[in-house]
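Working notes, structure below.
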Amino acid sequence: MAAGRSFRAPKGTRDLLVPESTRARRLVEVFADLAERSGFGLVVTPMFEELDVFLRLGEATDVVTKEMYTFETKGGDRLALRPELTASLVRAFVQHNPPTPWKAWCAGFNFRYERPQKGRYRQFEQVDVELIGTADPQADVEVVALGWRFYEALGLRRVALKLNDLGDRADRPRYLDALRAHFAGNLDALSEQSRLTLEKNPLRVLDSKRPEDADLVAAAPVIGDYVSDESAAAFVEVQVGLRALDVPFTVTPRLVRGLDYYTRTTFEFAGVGLGASQDAVGGGGRYDGLVEDLGGPATPGIGFGLGVDRTLLACDEEGVFPAPAPAVDVFVVDVVDGSHATVLCDELRRSGLGADRAYEGRSMKAQMKKAGASGAPLAVIVGPDEDADGTVAVRDLRTAEQSTVARGDVVESIRKLLS
Ligand code: AMP
């Protein structure tokens, strides 16, 4: 085999090493805690699905048409790596037919073949909740507020919540007609890309970030003027509910979001300190037709996906939720033969403490250096004298105080020092 060539993580992907990896995991833990205290249960679905699951999300959705990682298995099945989590969870809902309302949360990687840049990757993690089986606007309030409380729990203070009412599916054709008429009257002023999008789904044109489209998009009719009275009333209830919880928001009439399935309440969380094109730290909304699209009975639902990577960038920006210093409690220094360290580490770990050690019979000096670098507050030291006496030295690395402890009392004395 040819040797020598080395490899890097594929374009648009990143390796997360300590402490950033631990930080991302902690973030998911904060979310899990909040979601579970709100009655959402963890659901784990495969990272790939039948391609058709995602194709049902709509042919004007870039995430589906342009960015999906699709492949054929050896058995001839056409599959896709998931580009988002909602479709998989709704597929699981239809498959398992659980009692409603079904409150599910999950965390996991998604895959989109996008042009990579800071905050935009080809593999990225999201945390997500879905509340399926009720159209109650109070459920919308709960879900939106959960996202808000999550950012709050991380310490983020500069997150802006944008909220819109996209109306029901039945409201959509009238609005689409109005949009078509608006853009069709000014086709020359529209970018070529948006002209193509216009044919497939005029709503998507509102998402255009192309400067040449900006004026036309700004002058476009707003969906709020085309929604049913019922949807409008529900939207009022959502706003009242959020105000009662002191969750601040801005109604943003042109917020349509990148996925076709949204109806009624639709929202986005923006990191105020992030660059405008990459400022969405999370978003979601109602998808009252999606369960049916995926073969289930007509069932309303609402949920969101929050980007882990981008949320952490927002945390960097605000200097909150720092990476935890991963440290064990004790570093065991063994200058006898290394086997004492093995036994002591095992004992300490079995008693619930964190312990680490060095290898390869390094010198006392080298091992003490490792101990210092490990961040452990305490060191347990075994040299020839301690070995002969059946003792160990316990050193507080914070104060440099050291004492000799009987071998059998190590765990207890460590516990005392840590408390
Ligand atoms: P979406 O599923 O497109 O509604 O996105 C929800 C959230 O996921 C966004 O607000 C971002 O925080 C995050 N996200 C989406 N796409 C990417 C990506 N390519 N890289 C990193 N984060 C992403």
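Quick note: the coordinates plus some simple rules give every number you see, no bench work behind them. Note that the coordinates shown come from a computational prediction; the quantities given were computed from them, not determined experimentally. Glycine also receives a Cβ, built like all others from the backbone with ideal geometry; neighbour counts cover every protein chain displayed.
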Q) Amide H to amide H under 5 Å from residue 201: which residues, 5+ apart in sequence or cross-chain, H placed 1.01 Å off N in plane? A) none
Q) For residue 396 and residue 29 in one chain, what is 0.36 nm times their gap in residues minus the Cα-Cα distance, to one decimal in nm? A) 129.0 nm
Q: Step through the residues of the stretch 236-249 one at a time and calculate ³J(HN,Hα) from phi using the Karplus curve (6.51 cos²θ - 1.76 cosθ + 1.60, θ = phi - 60°), rounding each to whole Hz and writing x for Gly and Pro.
A: 4, 4, 4, 5, 4, x, 5, 5, 4, 8, 6, 9, x, 8
Q: Amide H neighbours of residue 301 under 5 Å, at least 5 residues apart or on other chains, H built in the peptide plane: list them.
A: 133, 287, 288
Q: Wrap a convex hull around the Cα atoms of the chain, take a quarter of its surface area, and give that in square nanometres.
A: 27.6 nm²
Q: Give, rounded to the nearest 20 debye, the magnitude of the charge dipole that the stretch 109-239 has about its Cα centre when Lys and Arg contribute +1 at Cβ and Asp and Glu contribute -1 at Cβ.
A: 820 debye
(Q) Please compute the contact order of the chain in relative form: average sequence separation of alpha-carbon pairs under 8 Å and at least six residues apart, divided by the residue count, as a percent. (A) 16 percent
**Q.** Packing-based exposure ordering (other Cβ within 10 Å, fewest first) of 182, 340, 96
**A.** 96, 182, 340
(Q) Spelling out what I want: for every residue of the stretch 127-136, take phi, set θ = phi - 60°, compute 6.51 cos²θ - 1.76 cosθ + 1.60 (Karplus), and round to whole Hz; glycine and proline get x. (A) 10, 8, 10, 9, 10, 10, x, 9, 9, 4
Q | Largest to smallest principal axis extent of the C-alpha atoms in the stretch 229-306, angstrom | A | 42, 28, 20
Q. Most fluctuating residue of 337, 293, 62 in a GNM of the chain with Cα springs under 10 Å: which is it?
A. 337
**Q.** Charge-dipole axis of the chain as Lys and Arg at +1 and Asp and Glu at -1 on Cβ define it, positive-most pick from 224, 38, 116
**A.** 116
Q | Straight-distance crosslink candidates among aspartates and glutamates, where the alpha carbon sits under 13 Å from residue 416 and sequence neighbours closer than 8 are dropped | A | 329, 396
Q. Among 370-383, 3-16, 42-55, what's the highest-first ranking by average C-beta atoms within 10 angstrom per residue?
A. 370-383, 42-55, 3-16
Q: With an 8 Å cut-off on Cα pairs and a minimum separation of 6 or more residues, tell me the relative contact order of the stretch 330-418 in percent.
A: 28 percent
Q | Antiparallel DSSP beta bridges within the stretch 330-418, as percent of all bridges there, nearest 5 | A | 55 percent
Q. Relative contact order, percent, of the stretch 64-157 when contacts are C-alpha pairs under 8 Å separated by at least 6 residues?
A. 23 percent
Q) Taking the Cβ of residue 132 as the center, what net charge do the other residues with Cβ under 15 Å away carry, scoring Lys and Arg +1 and Asp and Glu -1? A) -4
(Q) Please list 3J(HN,Hα) in residue order for the stretch 105-115, calculated via the Karplus relation 6.51 cos²θ - 1.76 cosθ + 1.60 where θ = phi - 60°; whole Hz, with x for glycine and proline. (A) 10, 7, 9, x, 8, 10, 9, 9, 7, 10, 6
Q.
On a straight-distance basis, which lysines could pair with residue 209 in a cross-link, Cα separation under 26 angstrom, same-chain partners fewer than 8 positions away excluded?
A. 11, 66, 118, 162, 200
Q: Looking at the chain, send over the antiparallel percent of its DSSP beta bridges, to the nearest 5.
A: 80 percent
